[in-house]
1. Could you go through the stretch 87-100 and let me know if any residue there is free of Cβ contacts under 8 Å to residues at least 60 places away in the same chain, within 27 Å of Glu144 (Cα to Cα), under 13 Å from the mean Cα position of the chain (by Cα) and open to solvent by 10 Å² or more (accessible area, probe 1.4 Å).
2. For the stretch 127-148, which positions are in contact (Cβ under 8 Å) with a residue 24 or more places away in the chain and aliphatic (A, V, I, L, M)?
3. Condition first: in contact with a helix residue (DSSP H, G or I) (Cβ under 7 Å, 6 or more places away or on another chain) and surrounded by fewer than 16 Cβ atoms within 10 Å (Cβ to Cβ). Now tell me which residues in the stretch 11-28 satisfy that.
4. Being farther than 27 Å from Asn90 by Cβ, in contact with an Asp or Glu (Cβ under 7 Å, 6 or more places away or on another chain) and polar (S, T, N, Q), is that true of even one residue in the stretch 31-47?
5. Quick one: is Leu112 within 25 Å of Val188 (Cα to Cα), open to solvent by 10 Å² or more (accessible area, probe 1.4 Å) and out of contact with any strand residue (DSSP E or B) (no Cβ under 8 Å at 6 or more places or on another chain)?
6. Exactly one of these conditions fails for Ala178: (1) surrounded by 19 or more Cβ atoms within 10 Å (Cβ to Cβ); (2) touching a residue at least 24 places away in the same chain (Cβ under 8 Å). Give me its number.
7. Look through the stretch 86-139, keep the residues that are within 20 Å of Thr63 (Cα to Cα), in contact with a Leu (Cβ under 6 Å, 6 or more places away or on another chain) and of a type outside the set (A, V, I, L, M, F, W, C), and return whichever of them is modelled with the lowest pLDDT.
8. One residue is enough: does the stretch 140-160 have a residue meeting the conditions open to solvent by less than 40 Å² (accessible area, probe 1.4 Å) and among the polar types (S, T, N, Q)?
Amino acid sequence: TVLPLATNWRADLHVHAGEFAAAAALIDEAEAINKATGNAPIMYTAMLLAAWRGREAETAERTQAGIRDASDRGEGRVLTLAEYSTALLNNGLGRYDAALAAARQASEHDDLNLIGWVLTELVEAGVRSGRPDVAADAQQRLGEQCRAAGTDWALGIHARSRALLSDGAAAEALYQEAIARLARTRIVVHLARAHLVYGEWLRRENRRLEAGDQLRRAHVMFARFGAEAFAEQA
């Protein structure tokens, strides 16, 4: 009973470290154990990994199965994670209106373990879909959690989110802070996304050589992880 839970949580760590193959192997192990023992499936990390990989059909299949199973058992956290995974997938695919809808739905439930992830996607989706009001509100909620945590992961994510809502020198300083902080962590999937959004901002500023450097960094990282949709964006 405990081993599939342990392998799923370890798989989650591998996802954030950009080690998707290791995460997938642990997910397969957990699913095999649950099938053999007749225990309920654990959907958490499988949904997350499919979304990070940018695999639309697999994410839909995983989230729908998770929602059905969680609804039967009254496990509300899976519903939030399904909406978060949908938001993450659609931000990767550049479908920002769909990402916004999913992230807003997920943010209605203030799940301590997931709300920080959800608000991160809501900020980006709000900015990209022309809803800076929604993004600003999400950024304020996110900031309360990130400042309380005080880690480089949290403060790096917060800096990136603030940068998306900023202009000029303030935006650049925040992008650079996000990259510096996230580079001190093992959370490399979000480091790659910081390079991506910084590169996009530099390109809009017509600083193409600098933009190219940031976007190449992001592409190399995403391609190495197997984050197909984000690699295509880069």
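1. yes
2. Scanning the stretch 127-148 gives Val127, Val134, Ala135, Ala136, Ala138, Leu142.
3. Result: Ala22, single match.
4. no
5. Spelling it out, Leu112 is indeed within 25 Å of Val188 (Cα to Cα), open to solvent by 10 Å² or more (accessible area, probe 1.4 Å) and out of contact with any strand residue (DSSP E or B) (no Cβ under 8 Å at 6 or more places or on another chain).
6. (2)
7. The residue in question is Ser107.
8. The answer is no; no qualifying residue exists.
The values are calculated or read from the model by the stated rules, or taken from the named source; none is laboratory data. Only a predicted model underlies this, so the values are computations on that prediction, with no experimental measurement involved. A quick note on method: Cβ atoms are made from the backbone with ideal geometry, for glycine too, and the neighbour counts reach across all protein chains shown. Quick note on the areas: whole protein, heavy atoms, side chains included, nothing else; ligands and nucleic acids left out. Shrake-Rupley method; radii C 1.70, N 1.55, O 1.52, S 1.80 Å.
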